[in-house]
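What follows is a set of notes on a single structure, which appears directly below.
The values are calculated or read from the model by the stated rules, or taken from the named source; none is laboratory data. Predicted, not measured: the structure shown is a model, and the values here were computed from it. Using ideal geometry, Cβ is built from the backbone for each residue, glycine included, and neighbour counts are taken over all protein chains shown. Note: areas computed on protein heavy atoms with side chains; ligands, DNA, RNA excluded. Shrake-Rupley method; radii C 1.70, N 1.55, O 1.52, S 1.80 Å.
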Amino acid sequence: MNTTQLKNIINNGELNDKLVALYGESALLMQTERYLKAIDSFVAIYGDFENVGIYSVPGRSELSGNHTDHNAGCVIASSIDLDVIAVAAKVDGTVIRIKSEGYPEDIVDISEYTEPDSARFATSAAIIAG
């Protein structure tokens, strides 16, 4: 599906049940506009693509044990009523491009990350490549 088709599906209300399930009836209009804006932003930067999807990732808050899970520890986490949405398209090659609203674009060629490099630790590029 391309971005035009995705926008038509949203505008025709075909995702309303899913949006209401995620955000509630009172937020339907706001979330519809948010999703359409995300698609428009994607098109403005990357153009129209085939095989485009839109994704919602729920937020969470770690109540106890923050980051201990990285060392086989336990974490008590809770979901929150915020999410991050993303419009993504599959492309050929090894380059990943990510543009977050309000931030510069990250461009990462994952073929350059064949082994750990301490100079790259804790960078956005290393997290993306991972």
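Explain nothing, just the number: relative contact order of the chain, from Cα pairs under 8 Å at least 6 residues apart, as a whole percent.
On the way: 138 pairs, mean separation 24.3, N = 130.
Reported relative contact order: 19 percent.
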Next item on the list: First compute the accessible area of the chain with a 1.4 Å probe, then give the percent of it belonging to carbon and sulfur atoms.
Entry: 54 percent
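Evaluate the charge dipole of the stretch 67-130 about its Cα centre and quote only its size in Debye, nearest 20, assuming +1 on the Cβ of each Lys and Arg and -1 on the Cβ of each Asp and Glu. Display every interim value, and only then the final one.
Working: 4 positive and 11 negative charges, 6 e Å.
So the magnitude is around 20 debye.
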Next item on the list: Please give the per residue accessible area of the chain, computed with a probe of 1.4 Å over protein heavy atoms only, in Å².
Entry: 71 Å²
Next item on the list: Along Cα→Cβ, 7 Å out, is where each label goes; now give me the distance between the ones at ASP48 and ASN71 in nm to one decimal.
Entry: 5.3 nm
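When the chain is fully extended, how far beyond the present Cα-Cα distance does ASP40 get from ILE107, taking 0.36 nm per residue of separation? Spell out each step's value before the answer.
Details: separation 67, 0.36 × 67 = 24.12 nm, distance 2.00 nm.
In short, 22.1 nm is gained.
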